[in-house]
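Bear in mind that the values in this text are calculations on the coordinates, not laboratory data. These numbers come from a predicted model, not from an experiment. All Cβ positions, glycine included, derive from the backbone under ideal geometry; neighbour counts span all protein chains shown.
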Amino acid sequence: MTGVVGRFAPSPTGALHLGSLIAATASYLNAKQQGGRWLLRMDDIDTPRVVTGSDALILKTLADFGFEWDGVIYQSQRHEVYRHALAQLQARDHLYACLCTRKQLKDRGSHFPFYDRHCRDRNIKTADIHTALRLKTPLEGAWQWRDLIQGEQQTRWQIDTDDFIIQRSDGIFAYHLACALDDVDFGITEVIRGADLLASTAPQQLIQSLLGKSSPNYAHHPLITDAQTGIKFSKASHAPALDTKNAARLVLQALSFLGQCPPTRLEKEPLMPIWQWAITNWQLKAVPKQTPAPRALLF
Ligand code: GLU
Ligand code: ZN
């Protein structure tokens, strides 16, 4: 075992689809190839979106696809940790309360979810009203970081991101806060996930740095499109659930998509030899970049 720790973090809001298989495969192989550990994390803090039973379904699907993991974390069991970090950020004056509704933002010409910092200096007391809490991001400048797949990145504060929410007005902790803390607390060394989350990295690294923690490395793999599969694939577009009967074929498809060139002899093989080949031969540098670059990448 090395110190490498990877993770796959599905939201238990439905069944896994091909896009999820690609994210699971990339993070799994990257950890296993280096002799590291691989954790599963259920991103289940956004309780209104959670679908009862889908965590069990996700675990069953991953097992049927031949994944072997070293632990499962539920964000819903980490409220105390999130609360503590939020209090620390608050004590250091990094947060402020915001009372703006979507309608008010729209009327001001600030397009949801982009926030115009209206409440930043209003000094709203949070004691007895349900308010959202936002993080004071730097008023100018940019965050530079290097993605292990997409290369050098620059996220401009207030242009590519805004004073994002840390706790929603319904009391639910925001994904950025939970994810930033979990990745550090569970010793994740490499966060491998889809390029749809590229713009999440600067906010998450900012939270980690404000709490005095060092950030893991990040790598964002490209997203599979309908044109490549011939089918709708995202959860939002009702992607078909992964079909366990076709597991070997789908894993080969995920490997090819990730630039790994599995040999054609594997097409006749069951899952086990496919995974053996993939773990031995995984190369992060063979994963193609997202094209065209997602908006947050342009600078
Ligand atoms: N739960 C998030 C999602 O399914 C992924 C979070 C992450 O990988 O950071 O989109
Ligand atoms: Zn506001």
statement: Once K106 and D226 are pulled to full extension, the length gained, defined as 0.36 nm per residue separation minus their Cα-Cα distance, is 40.0 nm
- prompt: Rounded to the nearest 500 deg cm²/dmol, what is the calculated helix-only ellipticity per residue at 222 nm for the chain, with -39500 (n - 2.57) per DSSP H run of length n ≥ 4?
  reply: -9000 deg cm²/dmol
statement: Expressed in angstrom and rounded, the centroid-to-centroid distance over alpha carbons for the stretch 266-294 and the stretch 179-227 is 21 Å
query: For the chain, what is the charge dipole size about the Cα centre, in debye to the nearest 20, if Lys and Arg each add +1 at the Cβ and Asp and Glu each add -1 at the Cβ?
result: 340 debye
Set of the stretch 145-183 residues, backbone N closer than 14 Å to the point 7 Å along the Cα-Cβ line of T126: 164-174, 177-178
task: Fewest Cβ neighbours within 10 Å first, please rank S76, S20 accordingly.
output: S76, S20
message: Compute the helix-to-body angle for 54-64: its Cα long axis versus the longest principal axis of the chain, expressed 0 to 90° and rounded to tens.
response: 30 degrees
- prompt: Over the stretch 1-97, what is the relative contact order in whole percent, taking alpha-carbon pairs under 8 Å and six or more residues apart?
  reply: 31 percent
- line: Between the residues G71, A87, Q104, the Cα farthest towards the positive end of the dipole of the stretch 37-130, that dipole coming from +1 and -1 charges on the beta-carbon of Lys, Arg, Asp and Glu, is from Q104
statement: Once the dipole of the chain is set up from charges on Cβ (+1 Lys and Arg, -1 Asp and Glu), the residue from the list A178, G151, V251 lying farthest towards its positive end is G151
message: Need one number: nm distance between label points at D196 and R83, each 7 Å from Cα along Cα→Cβ, rounded to one decimal.
response: 3.2 nm
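Go through the stretch 62-156 and name the chymotrypsin sites (Phe, Trp or Tyr not before Pro) that are in a DSSP coil and have 10 or fewer other Cβ atoms within 10 Å of their Cβ. Don't skip to the answer; put the middle values down first.
Values: sites: F65, F67, W69, Y74, Y82, Y96, F114, Y115, W143, W145; in loops: F65, F67, W69, F114, Y115.
Hits after loop and neighbour filter: nothing returned.
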- prompt: Fewest first, what order do S110, S209 take by the number of other Cβ atoms within 10 Å?
  reply: S209, S110
message: With the crude spin-label approximation of a point 7 Å out along Cα→Cβ, what separation in nm comes out for E269 versus S256?
response: 1.6 nm
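Which whole-number percent gives the relative contact order of the stretch 185-294, counting Cα pairs below 8 Å spaced six or more residues apart?
Relative contact order of the stretch 185-294: 25 percent.
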Crossing angle, helix 79-91 versus the chain [Cα axis fit, 0-90 degrees, rounded to tens]: 40 degrees
- prompt: Taking the chain as a whole, which cysteines find no other cysteine Cβ under 4.7 angstrom from their Cβ?
  reply: C100, C179, C261
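Kindly put T137, T291 in sequence by how many other C-beta atoms sit within 10 Å of each C-beta, fewest to most.
The fewest-first ordering by Cβ neighbours comes to T291, T137.
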Greater than 24 Å apart at Cα, pairs in K245/K285; K106/K136; K60/K245; K213/K285; K32/K289: K245/K285; K213/K285
field: Pairwise centroid distance, computed over Cα atoms, of the stretch 45-59 with the stretch 119-140, Å
entry: 31 Å
message: How much length would be gained if the chain were fully extended between I279 and K60, taking 0.36 nm per residue of separation minus their Cα-Cα distance, in nm to one decimal?
response: 76.7 nm
- request: Kindly state, to the nearest 0.05, the FRET efficiency for R168 paired with H238, given R0 = 25 Å and r defined as their beta-carbon distance.
  value: 0.45
message: Can you give me the angle between helix 247-257 and the longest principal axis of the chain, using Cα atoms only, in degrees from 0 to 90, rounded to the nearest 10?
response: 70 degrees
task: Using Cα pairs closer than 8 Å and at least 6 residues apart in sequence, work out the relative contact order for the stretch 131-215, in percent.
output: 27 percent
